[in-house]
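S.K.: Just passing along the structure, written as structure tokens.
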Amino acid sequence: MVAGDQSDPADVLILGGGPGGYVAALRAQQLGRSVTLIERGRVGGVCLNEGCIPSKHLSRFAAARSAAEAFAASGMPPFSGRPDMILFQKSRAAAVDTLVKGVSSLLQGAGVKVVEGSARFVGRTRVCVEIGEESVRYFDFKDVVIATGSRAAGGDASTVEPSRALEWDSIPATLLVIGDDYIALEIAVAYARLGSQVTLAAPGDRLLPDFDRDLSTAALRGARSAGVEVALSSGPTLGNWERAVASGDRRPNLDHLDLRAAGIAAPDGKLNVDAQLRLDRHVFAIGDVTAGLPLAHRAMAQGRAAGDVLGGKPAAFDSRAIPRTVFAAPELAAVGMTEDEALAAGISVSIGRFPLGALGRAVIESATAGFAKLVFAQDGGAVLGAHLAGPRATELVAEMALAIEMGATSEDLALTVHAHPTFAEALMEAAEVSLGRPIHVRGAAKR
């Protein structure tokens, strides 16, 4: 057993190797700091190992079956047989392993020291890391970054959390999904496409309640089109379900850190940091432990900003243009303000909405039910928000995030030439609608 008061010096100590933590480690190391990263599991965090990557792998697998069935109407031989979930799980595990090894290789190549163990504060500048059951190491740090992520809040014994539903090696005949968030929607649509009889029980009067109302409507129609029975304003649902999944809030992983030992008041919920991601002069926090959306790309952006600050560069985290994506039916994506949020803030807006049915690419792919809805400030035309439904929405939203970040206007978007035939044309066309000069739709006018 290693004990006593001996400790190792740590220039920058990062607690957690998820998307935020490993990015912060790499950026700080790039800028000349010596970084030690503590991770109690596999690097990549929940996103890579249990969430984002496995769930998108499942969504892609399910969408491929749905697409095969759709192509049968155009002359492609029809899909036959039941999906082999055992082979799918092998493929999913291999993809995750490849990415975990990739992150590990990046950290090793950059010179970041990785220590496997569970960390807790034992002083204002000291951390104890439990390694296994009988071994500990102490680190005295100059700067520390808390990036310990979050976990599912938990439910009752009759349901499982979403990450468990991504590991199934068989398709349930009947499935109950409880929740109205993007995670619940993605799981419900994926298993319905794979052949389950799925009921999605949402507690509120719409799906995706924190998205623009038009996207909520598109989500409801798309889920039902995929075969999901959606029950809105539904409480706990009783029935003979083969399996049940409950999606809900996530809790920040803070309770094991003993923050008080570092002179930090333990919060009731998440940590509030300043624009440089600081809690205290030498204490930073990023990712799901901080107030805001629990998204991997948000954590990565915070990690870059924190790494820059640690490296002596002037930097700050800006949350105005954080995209949100939903890999369901159809794909949904949003960035910036909704129409209701802009109006509530007292901003007069101009809305440009363009239907995908007017795009050549959408007609080719039989994907005409979606749309691009852009929100502009009436005074000056600055892009305030974008709300997209349809194929490639999760990719196209990046253009709109850039537009908001750069202060682009409706004129800028309308005058940007987009390749034809592509789904991206919907963004240019929506901007033209907002300006009252549409080409490819009739009767559209700005409002």
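Please treat every number below as a calculation from the coordinates, not as lab data. Quantities reported herein were computed from a predicted structural model and do not represent experimental measurements. All Cβ positions, even for glycine, are placed from backbone atoms using ideal geometry, and neighbour counts span all protein chains on display.
S.K.: Could you order the peptides 358-371, 71-84 from most to least packed, using the average number of other C-beta atoms within 10 Å per residue?
M.R.: Ranking the peptides 358-371, 71-84 by packing returns 358-371, 71-84.
S.K.: How large is ³J(HN,Hα) for each residue in region 123-130, as worked out from phi by the Karplus curve 6.51 cos²θ - 1.76 cosθ + 1.60 (θ = phi - 60°), to whole Hz, x for Gly and Pro?
M.R.: Listing the rounded values in order: x, 5, 10, 10, 10, 9, 10, 7 Hz.
S.K.: Taking every pair of Cα atoms in region 162-246, average 1/r, invert it to obtain the Kirkwood radius, and report Rg/Rh to two decimals. Write down the numbers at each step before the final one.
M.R.: On the way: Rg = 11.9 Å, Rh = 12.6 Å.
Reported Rg/Rh, Kirkwood definition of Rh: 0.94.
S.K.: Quickly rank 91-97, 180-186 as a protection proxy: mean count of other C-beta atoms within 10 Å, highest first. Don't skip to the end; give the middle numbers.
M.R.: On the way: 91-97: 14.6, 180-186: 23.7.
Those peptides, ordered most packed to least, come out 180-186, 91-97.
S.K.: Using a 10 Å cut-off around each Cβ, can you sort HIS282, HIS57 from fewest to most neighbouring Cβ atoms?
M.R.: Going from least to most buried by this count: HIS282, HIS57.
S.K.: Work out from phi, with θ = phi - 60° and the Karplus expression 6.51 cos²θ - 1.76 cosθ + 1.60, the ³J(HN,Hα) of each residue of region 377-387, listed in order in whole Hz, and give x for Gly and Pro.
M.R.: Values, residue by residue: 6, 5, 8, x, x, 4, 6, 9, x, 9, 9 Hz.
S.K.: VAL136's amide H: which non-local residues (gap 5+, or another chain) put their own amide H closer than 5 Å, with H modeled 1.01 Å from N in plane and none for Pro or chain starts?
M.R.: Result for VAL136 returns VAL2, ILE131.
S.K.: Ok, one more. Subtracting the Cα-Cα distance from 0.36 nm times the residue separation, let me have the gained length for ASP412 to LEU106 in nm, one decimal.
M.R.: Length gained between ASP412 and LEU106: 106.4 nm.
S.K.: Can you pull the percent of Cα pairs in region 204-286 with separation above 19 Å?
M.R.: In whole percent, the share of Cα-Cα pairs in region 204-286 beyond 19 Å is 62.
S.K.: Going by a 4.7 Å Cβ-Cβ cut-off, which cysteines of the chain have no partner at all?
M.R.: CYS128
S.K.: Ok, one more. Work out, step by step, the length gained on full extension between ASP274 and ASP258: first 0.36 nm times the residue separation, then minus their alpha carbon distance; give nm to one decimal.
M.R.: Value of the extension gain: 3.6 nm.
S.K.: Using a 10 Å cut-off on Cβ atoms, rank the peptides 132-143, 20-31 from the highest mean neighbour count down.
M.R.: The densest-packed peptide leads the list: 20-31, 132-143.
S.K.: Still on this model: Got the relative contact order for region 162-246 handy, in percent, Cα pairs under 8 Å and 6 or more residues apart? Walk me through the numbers before you get to the answer.
M.R.: Details: 152 pairs, mean separation 31.8, N = 85.
For region 162-246, the relative contact order is 37 percent.
S.K.: Also, quick follow-up: Calculated FRET efficiency, PHE79 and ARG442, Cβ-Cβ r, R0 51 Å, to nearest 0.05?
M.R.: The value I calculate is 0.85.
S.K.: To one decimal place, what Kirkwood hydrodynamic radius in Å is obtained for region 330-434 from all pairs of distinct Cα atoms?
M.R.: Evaluated over region 330-434, this radius sits at 13.3 Å.
S.K.: In whole angstrom, note down how far apart the Cα centers of region 23-43 and region 386-433 are.
M.R.: 35
S.K.: Gain in length, GLU242 to ALA266, computed as 0.36 nm per residue apart minus the alpha-carbon separation, to one decimal in nm?
M.R.: Here the segment from GLU242 to ALA266 would lengthen by 4.6 nm.
S.K.: Here's something else I'd like to know. With θ set to phi - 60°, apply the Karplus curve 6.51 cos²θ - 1.76 cosθ + 1.60 along region 71-88 and write out the HN-Hα couplings as whole Hz, x wherever there is a Gly or Pro.
M.R.: 5, 4, 6, 9, x, 6, x, x, 5, 9, x, 9, x, 8, 6, 5, 5, 4
S.K.: Report, in whole Å, the centroid distance computed from the Cα atoms of region 221-291 and region 108-128.
M.R.: With region 221-291 and region 108-128 each reduced to a Cα centre, they are spaced 24 Å.
S.K.: Over the chain, what is the percentage of antiparallel beta bridges among all DSSP beta bridges, to the nearest 5?
M.R.: Numbers: 38 of 70 bridges.
Once the DSSP bridges in the chain are tallied, antiparallel ones form about 55 percent.
S.K.: Oh, and also: If you only keep lysine pairs separated by 8 or more in sequence, or across chains, how many in the chain come under 21 Å at the Cα atoms?
M.R.: Here the count comes out as 7.
S.K.: Let me ask something else. Determine the relative contact order of the chain: mean sequence separation of Cα pairs under 8 Å and six or more apart, normalised by residue count, in whole percent. Write out the running numbers ahead of the final one.
M.R.: On the way: 975 pairs, mean separation 67.3, N = 447.
Rounded, it is 15 percent for the chain.
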